[in-house]
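See structure below.
The values are calculated or read from the model by the stated rules, or taken from the named source; none is laboratory data. These numbers come from a predicted model, not from an experiment. We place every Cβ from the backbone using ideal geometry, glycine too, and count neighbours over all the protein chains shown.
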Amino acid sequence: MVKMRKKEKSKRGSLAKDSNPSSNPNSGPTPDPTSYPTTNPWKAMGLVGVIGVELAVLVLAGIWLGKTVDSILQTSPVFIIIGIFSGFAVGIWSIIKIVKPFLKD
């Protein structure tokens with residue numbers, strides 16, 4: 001009987017040691033959230049929303065800047081067109097920077 005109690009005691013002691021997270025061999029640094037694929041639709045919708053807003057804001061900023069320069073220099077559609085293409089180019093560059101961590105390239 002005494003021997004059984006010692007074995008039970010040692011089993012309980014080993015369980016307590018295994019429950020310690022610092023002694024668990026599987027515990028380690030948490031992985032980067034972009035390092036594994038996710039199936040969360042809210043993250044995907046958030047990414048698409050950010051891309052759309054980013055592109056729209058940059059194109060509108062290009063239009064506003066082009067319209068301002070056109071009104072100063074009295075050249076009607078020239079800088080508006082340049083502003084549209086510049087805003088679109090900067091928007092594409094910005095979208096690439098946003099999406100690149102998700103593609104792992």
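Against the definition (within 17 Å of the chain's Cα centre (by Cα), exposed (fewer than 10 other Cβ atoms within 10 Å of the Cβ) and at pLDDT 60 or above), how does residue 30 come out, yes or no? Full working, then the answer.
On the way: within 17 Å of the chain's Cα centre (by Cα): yes; exposed (fewer than 10 other Cβ atoms within 10 Å of the Cβ): yes; at pLDDT 60 or above: yes.
Considered against the rule, which asks whether it is within 17 Å of the chain's Cα centre (by Cα), exposed (fewer than 10 other Cβ atoms within 10 Å of the Cβ) and at pLDDT 60 or above, residue 30 comes out as yes.
Is it the case that region 40-48 has a residue that's at pLDDT below 95 and part of a loop (DSSP other than H, G, I, E, B)? Yes: one or more hits. Apart from one condition, residue 100 fits all of (1) free of Cβ contacts under 8 Å to residues at least 24 places away in the same chain; (2) surrounded by 15 or more Cβ atoms within 10 Å (Cβ to Cβ); the exception is (2).
Given the structure, is residue 88 out of contact with any Phe, Trp or Tyr (no Cβ under 9 Å at 6 or more places or on another chain), within 25 Å of residue 44 (Cβ to Cβ), surrounded by 13 or more Cβ atoms within 10 Å (Cβ to Cβ) and at pLDDT 95 or above?
Numbers: out of contact with any Phe, Trp or Tyr (no Cβ under 9 Å at 6 or more places or on another chain): yes; within 25 Å of residue 44 (Cβ to Cβ): yes; surrounded by 13 or more Cβ atoms within 10 Å (Cβ to Cβ): yes; at pLDDT 95 or above: yes.
Taking the combined requirement at face value, the residue satisfies it.
Filter region 62-76 down to the residues that are small (Gly, Ala, Ser) and more than 35 Å from the chain's Cα centre (by Cα), then identify the one that is modelled with the lowest pLDDT. Outline the logic, then answer.
The initial filter retains those residues of region 62-76 that are small (Gly, Ala, Ser), namely 62, 66, 71, 76.
Checking which are more than 35 Å from the chain's Cα centre (by Cα) leaves us with 71, 76.
On the way: 71: 93, 76: 83.
So, considering only residues that are small (Gly, Ala, Ser) and more than 35 Å from the chain's Cα centre (by Cα), the one modelled with the lowest pLDDT is 76.
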